[in-house]
Each structure stands twice: as structure tokens, then as C-alpha cells.
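The values are calculated or read from the model by the stated rules, or taken from the named source; none is laboratory data. Note that the structure is predicted; figures quoted are calculated from it, not measured. Neighbour counts run over all protein chains shown; Cβ positions are idealised from the backbone, glycine included. Calculation scope for accessible area: heavy atoms of the full protein, side chains included, ligands and nucleic acids excluded. Shrake-Rupley method; radii C 1.70, N 1.55, O 1.52, S 1.80 Å.
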Amino acid sequence: MGNQVEKLTHLNYKEVPTADPTGMDRDEGPRIGVSYIFSNDDDELEQQQDSVHELGGEHPALQPYDPQLHEVECSVYYRDECIYQKSGGGHLSTYTPENLLNRCKPGDLVEFVCQAQYPHWVVYVGDFQVVHLHRLEVVNSFLTDASQGRRGRIANQLYRYKPLSPAVVVRNALEQVGCKDRDLSWRNSECFAAWCRYGKREFKIGGELRIGKQPYRLQIRLGDKRSHTLEFQSLEDLIMEKRRNDQIGRAAVIQELSSHLQAAEEEEEEEDDHRHPGARTAKPTSFNEMGLMCLVPS
């Protein structure tokens with residue numbers, strides 16, 4: 001029968017190994033991260049959710065979309081280098097698809113956003129058209145059609161890699177039109193668009209070996225001077241988690257983290273009381289429900 005690998009889906013932060021919740025790196029103790037194996041891109045997951053609604057499910061009550069309220073501000077580090085940053089201000093401003101047409105130039109990346117949906121990334125190739133990975137196929141569409149009514153932003157400044165020339169970005173995108181299903185090398189629209197612009201294999205499926213120390217860190221901002229850090233063995237895994245956070249929204253991410261940290265602290269306090277009544281000891285490294293080692297916040 002051979003070795004079988006179980007497909008894992010990330011449900012909440014109680015199942016994810018994390019680093020120090022203050023966002024401060026410490027040298028003592030192991031730095032443990034998490035890897036994912038995904039069966040579908042998030043456009044396919046979004047399609048499945050839409051099918052449920054069409055069959056009679058109810059849409060949740062959505063508030064008017066406010067990037068400052070709903071989006072998760074975060075930074076991504078490869079070792080000590082910041083390679084991605086989404087923060088307040090200009091990074092979160094959004095525009096209507098019609099307005100974007102007046103702003104876009106060939107080779108630009110556009111990120112469409114909407115509450116309770118995964119962000120959708122496209123590559124603008126000129127003449128009001130974009131190339132994007134949509135429901136397991138790379139397609140060429142008009143920008144207004146690809147937006148599906150969502151507001152968007154030019155996302156060139158989010159990743160800090162050196163971009164390819166606009167002509168090469170457009171060529172990369174157009175050469176992949178028609179690629180689908182098992183021939184795809186990208187998990188989602190963001191990985192595809194970023195690969196077109198930066199040409200880095202780290203955005204491709206299996207572009208990095210998941211061995212050894214976790215070199216990638218996703219630092220999630222929880223508020224003024226407060227953050228929480230997750231560690232990953234590949235950029236592909238980190239992007240999947242970052243997009244999941246965008247889909248569930250800032251309030252849900254903060255609630256997950258708060259619940260996880262509170263539960264972890266209470267569990268450790270109970271264990272300390274049983275071992276040493278009346279005494280407090282340093283919190284040890286523990287294992288989470290997936291059997292992976294994680295750092296318990298102090």
C-alpha cells in the first residue's frame with residue numbers, strides 16, 4: 001500500500017504551532033512551524049460555498065466592506081528580510097473596477113477584495129484585460145468581469161521582491177492561458193499572479209523543500225504594539241494561511257488567537273498546579289492536537 005499522506009485542513013489556531021505571541025523572537029527553544037497539503041485552490045472552495053447558497057443556504061449578513069475594519073494587517077519575513085507587508089493607509093485603499101481601469105498599466109497586479117471571500121489576484125495585460133487563475137484554470141478576461149463586482153487595488157507594492165519588466169510579466173501571464181487542472185503549478189490566484197510578476201519558483205507548488213528549520217514568519221498585527229507570529233517551511237504554505245485570514249476577517253482572526261492563547265495558558269496553569277501545588281513553573285514546549293510541537297506563550 002505504501003505510505004499514505006492524510007490531507008490536512010487548517011480549522012483554527014489551536015491546531016497551529018506558533019511562535020511567541022508578542023511577536024518578539026527569542027533564541028531559546030525550538031522554532032516550530034506548520035506545513036499544509038491542500039487539495040483545491042481557494043477559488044474552487046469559493047465556488048463550493050456559492051453552490052451551497054444556490055441550493056437554499058442563507059448568506060450571512062454582511063456589513064459594508066471597510067478594509068481598515070475587515071482586513072488583517074501583516075508582514076512576512078524570510079529569515080530576517082521583510083518580503084511582504086500589508087499595513088494601513090495606502091496599502092488598504094480600494095477602488096471600483098472602472099476606476100482601476102484608469103490606474104492600471106500592463107504588468108500590474110490587482111487584488112480584488114470582499115468580505116468573507118478569498119482575495120482574487122489578476123495580472124493586467126492591457127486593453128482592459130487581465131489574466132488570472134480562476135477555478136482551476138488560467139483564463140483571459142476583461143478586468144470588470146474578473147472583479148465580479150468587487151472593489152480592488154493595485155498590489156504591486158505588497159511583495160518586496162524585485163519585479164520583472166512589464167513586458168516579461170505580461171508574457172508570463174499570457175503564455176499560461178488555458179493551463180488547467182493537473183497542469184497547474186500554483187495553488188491560488190495570488191501565487192500565480194506573483195509568479196508572473198517576480199518569476200520566483202517559491203510561488204509554485206512544491207517550489208521549496210519542506211525540511212529543516214522554518215525560515216518564513218507571518219507576523220499578524222493585533223493592535224498597537226501587539227502581534228502574533230506563525231512560522232512556516234515554505235512561502236506557499238504561508239500564503240495559504242494568510243489568505244485564510246483574509247477570508248475569515250480581522251475580527252475572527254483576533255478571536256481565534258485570543259481563544260487559543262487563553263486556553264493554552266489555562267491548560268498549563270492546571271498542569272502546574274497538579275505537579276507543584278501552589279507553585280508556578282516555566283511553561284514547557286508542548287504538542288498540539290496535530291502532534292506537532294509548538295511554543296506555549298508565556
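LEU55 - would you say it is open to solvent by 40 Å² or more (accessible area, probe 1.4 Å), at pLDDT below 95 and more than 25 Å from THR144 (Cα to Cα)? The answer is yes for LEU55. Scanning segment 86-104 for residues that are polar (S, T, N, Q) and either free of Cβ contacts under 8 Å to residues at least 40 places away in the same chain or open to solvent by 40 Å² or more (accessible area, probe 1.4 Å) (or both) yields SER93, THR96, ASN99, ASN102. When the residues of segment 128-178 are filtered to those that are among the hydroxyl-bearing types (Ser, Thr, Tyr) and out of contact with any strand residue (DSSP E or B) (no Cβ under 9 Å at 6 or more places or on another chain), which remaining residue is surrounded by the most Cβ atoms within 10 Å (Cβ to Cβ)? Checking each candidate, the answer is THR144. Of all residues in segment 193-220, those that are open to solvent by 10 Å² or more (accessible area, probe 1.4 Å) and not charged (D, E, K, R) total 12.
Looking at ASP108, is it within 29 Å of VAL139 (Cα to Cα), at pLDDT below 95 and open to solvent by less than 70 Å² (accessible area, probe 1.4 Å)? Against the criterion (within 29 Å of VAL139 (Cα to Cα), at pLDDT below 95 and open to solvent by less than 70 Å² (accessible area, probe 1.4 Å)), ASP108 does not qualify.
None of LEU222, LEU218 is within 13 Å of the chain's Cα centre (by Cα) and of a type in the set (A, V, I, L, M, F, W, C) except LEU218. Summed over segment 117-127, residues that are at positive phi and open to solvent by less than 40 Å² (accessible area, probe 1.4 Å) total 1.
When the test is whether a residue is in contact (Cβ under 8 Å) with a residue 60 or more places away in the chain and in contact with a strand residue (DSSP E or B) (Cβ under 6 Å, 6 or more places away or on another chain), VAL113 does not pass it. Scan segment 80-91 and give yes if some residue there is farther than 17 Å from VAL177 by Cα and of a type in the set (Lys, Arg), otherwise no. Checking segment 80-91: at least one residue is farther than 17 Å from VAL177 by Cα and of a type in the set (Lys, Arg).
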